[in-house]
Amino acid sequence: MKAQTYAVLVNWNGGEQNLAAVESLLAQGLPAERIVFVDNGSADGISERLQERFPYLPQIRNRENLGYGEGNNQGIRLALERGAAAVLLVNNDVTLEAGCLDYLLSQLERNPGVGIVGPRVLEARRPERVWAAGGRLDWRQNLSTLRGHGAPDGPAWRREEPVDYVVGCALLARRETFERIGLLDGAYFAYHEDLDFCVRARAAGFEVLHLGARAAYHDAHHSTGGGYNPRRKYMMGVNTIWFLRRHGRPRHWVRFLWFDVASLPPLFLLGLFDGRWRGVAAKAQGTLDGLLGRRVVAERLAPGGCWLW
């Protein structure tokens, strides 16, 4: 399967970190011609540098930011057209430890019922800490929780076990998964597309596994700032509503309203003192926009596109 495995790397002004990401994939044994680089209208000049350094690296250069989901879809389509048996989605701020890809592929090969796998993800700047060991859909704040987030790394996170979803920063899916359920939902733009993809895969009968014996290192949130960055919280708000529209039942809406929406006023008041009020307000604005049927678009995220940035 490895001889037919492709990787897709999406960039939006990620700069030098893309070089480390490509080098990491090459070190996994992937040749440059099977690493698809998708640039979403960046102004960092990295596409030209990659072209000079890795002339066989296939590139897709968009004139504008199409979002993380659609950027990945462009790369996935190209990989499938070229005969990919499996496609690795990897963020440009992620590197893989030695042997990670081989291990993930070996698990796909031995069990055709597994559609999606991913390694445990550690914080790049604090590798003794877990960033995510897969995810759990709990229908509370932001609908889901990263398993082990912030916890010390250890045996509990190094197991092979089914999860609700694998985080999209390091996600390997077999060809049949895409053929049966389609690609990522590009309308999410960014955030929740990995959750949605895995939920659809599980509904179609595929297993989704966290394979904690190997690790990826994630220097998280380069593109959106992470934490309470207003743009990130806005996208989470919008996409939570759209995910609920697609997958939620009445009880899930009730849990969301209780655990997520009802928490916004006290969080806003607290944010007046700790400086996070813009992030809370952006989450509320995103929730409202989602309820009004609006989607995340690049124009909305541009400077001045919302009163909060």
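The values are calculated or read from the model by the stated rules, or taken from the named source; none is laboratory data. The shown structure was predicted, so the numbers you read here are calculated from the model rather than taken from an experiment. Virtual Cβ from ideal backbone geometry, glycine too; neighbours counted across all protein chains shown. Heavy atoms of the whole protein, side chains included, go into the accessibility calculation; ligands, DNA and RNA do not. Shrake-Rupley method; radii C 1.70, N 1.55, O 1.52, S 1.80 Å.
For Tyr56 and Glu81, the difference between the fully extended length at 0.36 nm per residue and the C-alpha to C-alpha distance is 7.3 nm. With every protein chain present, what accessible area does Arg147 have (1.4 Å probe, heavy atoms only), rounded to the nearest 10 Å²? Rounded to the nearest 10, that gives 40 Å².
The GluC sites (Glu not before Pro) of segment 92-181 that DSSP puts in a loop, and whose beta carbon has at most 12 other beta carbons within 10 Å, are Glu128. Between Ala213 and Ala187, residue separation times 0.36 nm minus the direct Cα-Cα distance comes to 6.0 nm.
The stretch between Glu109 and His149 holds 11.5 nm of extra length on full extension. This uses 0.36 nm per residue minus the Cα-Cα distance.
Averaging the sequence gap over all C-alpha pairs within less than 8 Å and six or more residues apart, then dividing by the number of residues, gives the chain a relative contact order of 18 percent. Of Met235, Met1, the residue with the largest accessible area leads and the full order is Met1, Met235 (1.4 Å probe). How would you classify segment 211-309 from its alpha-carbon gyration tensor, with a ≥ b ≥ c the square roots of the eigenvalues: rounded for a/c under 1.5, else prolate if a/b is greater than b/c, otherwise oblate? Rounded. Here the accessible area is traced with a 1.4 Å probe on the protein chains. For segment 67-108, carbon and sulfur cover 48 percent of it. When only alpha carbons are used to place a centre, segment 131-187 and segment 232-283 end up 21 Å from one another. Each label was represented as a point 7 Å from its Cα along the Cα-to-Cβ direction; for Asp274 and Ala27 these points are 3.5 nm apart.
Entry note, segment 181-309: relative contact order of 31 percent, from Cα contacts under 8 Å with a spacing of 6+ residues. In this rough spin-label picture, where each label sits 7 Å from Cα along the Cβ direction, the Gln4-Arg63 distance is 3.7 nm. The structure-derived value of mean projected area of the Cα convex hull in nm² appears in the list (i) 23.4; (ii) 15.3; (iii) 17.5 under the label (ii). Computed over protein heavy atoms with a 1.4 Å probe, the carbon and sulfur contribution to the accessible area of segment 179-282 reaches 58%.
By the gyration tensor of its Cα atoms, with a ≥ b ≥ c the square roots of the eigenvalues, what is the shape of segment 1-143: rounded for a/c under 1.5, prolate for a/b over b/c, or oblate? Rounded. For the pair Arg129 and Val261, label points projected 7 Å from Cα toward Cβ lie 3.3 nm apart. Residue order by solvent-accessible surface for Glu161, Glu23 is Glu23, Glu161, largest first, with ligands and nucleic acids left out and a 1.4 Å probe. Backbone N atoms of segment 44-63 closer than 16 Å to the 7 Å Cα→Cβ label point of Glu16 belong to residues 44-47, 49-50. What segment 117-239 shows is 36 Å² of accessible area per residue, with the surface traced by a 1.4 Å probe over protein heavy atoms. As a calculated quantity, the FRET efficiency between Ala302 and Ala98 at R0 = 45 Å, using C-beta atoms, amounts to about 0.65.
The loop-placed chymotrypsin sites (Phe, Trp or Tyr not before Pro) in segment 50-147, going by DSSP, that have at most 10 neighbouring Cβ atoms within 10 Å of their Cβ come out as Tyr56. Entry note, the chain: the mean residue ellipticity at 222 nm calculated from DSSP H runs of n ≥ 4, each adding -39500 (n - 2.57), is -11500 deg cm²/dmol after division by the residues and rounding to the nearest 500.
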